[in-house]
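Notes to accompany the following structure.
Values quoted throughout were computed directly from the atomic coordinates according to the rules given, and no laboratory measurement underlies them. None of these values were measured; they are calculated from a predicted model. All Cβ positions, even for glycine, are placed from backbone atoms using ideal geometry, and neighbour counts span all protein chains on display.
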Amino acid sequence: MTLNGMRTYVGFGLGAIQSGLFLYEAFQSGAFGRLVTAEVVPEVVAAVRQAGGRFTVNIAHADRVEHAQIGPVQIEDPAQEADRERLIEALAQADEIGTAVPSVAFYDSPGPGSLHRILAAGLRRKAAVGGPRAVIYAAENHNHAAEILEAAVMAEIPEAEREAVGNRVRFLNTVIGKMSGVVTEADEIQAAGLMPVTPESPRAFLVEAFNRILISRIHFEPPFTRGIAVFEEKDDLLPFEEAKLYGHNATHALAAYLAMACGAARIADLPGVNGVMPYVRAAFLEESGAALIRKHAGVDALFTPEGYQAYADDLLERMINPFLRDTAERVGRDVARKLGWDDRLIGTMRVALRQGVIPRRYALGAAAALAALHPNAADVPAGTLLDPLWSAAQPEPAERQVVLELIESGRARLRQWAASGFLPVAIG
């Protein structure tokens, strides 16, 4: 396939989601004649340039791994002045833009190479020269990523220009249920038959084939059509964002921390541990599902018993895809963040409690996560360990107490499960 369309796509960050979702779908669409991406790691920029702007993504299907080469892609380092100028020029002509950086905290950084400053400069130029209207997909895993990005960008634009800029751009939230990762071990890359990002790269991108991505409804006067047509617009994205965080993410984390507890290295190993996958499925349906169906009844067919069961079973099958090679360590990384008051485990427990559902299984998951974070603190009260992670959220005391009691009960059941040799009856 070659680039033969008339549109321009600009991305920020060259990780698995940028490469295996945005750039891949833009390339496959045939609608774009120019692909541009910003990357802050100089070695990655040099490697892609050395490869003629082409890189490879490994796509995990249910029965095989496909290798897809993408490019040519214009790659620029925002720390370099000449590269920044080319990025700004590309943004002025861009039709679609995607941010796929580690978190919303990376939107605003010191110096001229900050993502929000480059975006502001590019959008100002777009407005000044009459460049095409554009949408910006905020792919960071945050329910209000688009609003945070828009506020940071608009604060960099002089007040007299904001209306003109605002008329030409829409910031969109996304729900990206696509599992992905970066494989860095040479032996694993070879054993799995993966292709590195570039011939000289020590890394390989591995993403699942799934591409049903939800985005905010685009409110532009017609005609406006997206080149990346596979994305699905929703009038109210928040219920689906909650299904992602409190369903997909929470259950994926639960599976990872149970895998760590019983010594399973990969998520795909869990069907071989008696009782674990039925337990994970029950958490997904009876705790996350029961709560979200009650909270969002009538919004969409997803929030029905039949819809949520189909959603859960599809995700569980994809999670244990051996070709995805997902490790418990990767899925469970950044434990402190995942134990945050509003994050996937504790957040799911709180949503469940507010809907009259007792989240015993996610409480055990939180206990397993706590054990991974503090392996030598089994006798330390959960509140002592978790309060530093929750202090900024200032939990209401009564709610905090209920959550902590459930986690302490989960810690007791986790010890019983380990003492039994991980028998299914002991997991509770």
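Shown here: Rg/Rh (Cα atoms, Kirkwood Rh), derived from the displayed model; of the candidates [x] 1.12; [y] 0.98; [z] 0.95, it corresponds to [y]. Distances between placed amide hydrogens fall under 5 Å for Gly11 paired with Val36, Thr37, Ala38, Gly98, all partners being 5 or more residues away or on another chain.
Backbone geometry of region 269-279 corresponds, through the Karplus equation with coefficients 6.51, -1.76 and 1.60 at θ = phi - 60°, to 3J(HN,Hα) couplings of 7, 5, x, x, 9, 3, x, 6, 5, x, 5 Hz, x marking Gly and Pro. Of the trypsin sites (Lys or Arg not before Pro) found in region 175-240, the ones in coil according to DSSP and having at most 15 other Cβ atoms within 10 Å of their Cβ are Arg212, Arg217.
Of the complete DSSP H runs in the chain, those spanning 30 angstrom or more by Cα along the long axis with a mean Kyte-Doolittle score not below -0.5 are 397-419. Of the trypsin sites (Lys or Arg not before Pro) in region 138-170, not one is in a loop by DSSP (not H, G, I, E or B) with at most 14 other beta carbons within 10 Å.
Over the chain, DSSP H runs of length four or greater, each weighted -39,500 (n - 2.57), average out per residue to a 222 nm ellipticity of -12500 deg cm²/dmol. Projected label points at Phe224 and Ala393, each 7 Å from Cα along the beta carbon direction, are separated by 3.4 nanometres. For Val197, the residues whose amide H sits under 5 Å from its own are Arg203, Ala204, Phe205, ignoring neighbours fewer than 5 places away on the same chain, with H placed 1.01 Å from N. Rounded, prolate or oblate, given the Cα gyration tensor of region 239-427, with a/c below 1.5 counting as rounded? Taking the square roots of the gyration eigenvalues as a ≥ b ≥ c, region 239-427 is oblate. Note on Thr99, Thr384, Thr8: ascending count of other Cβ atoms within 10 Å places them as Thr384, Thr8, Thr99, the fewest first.
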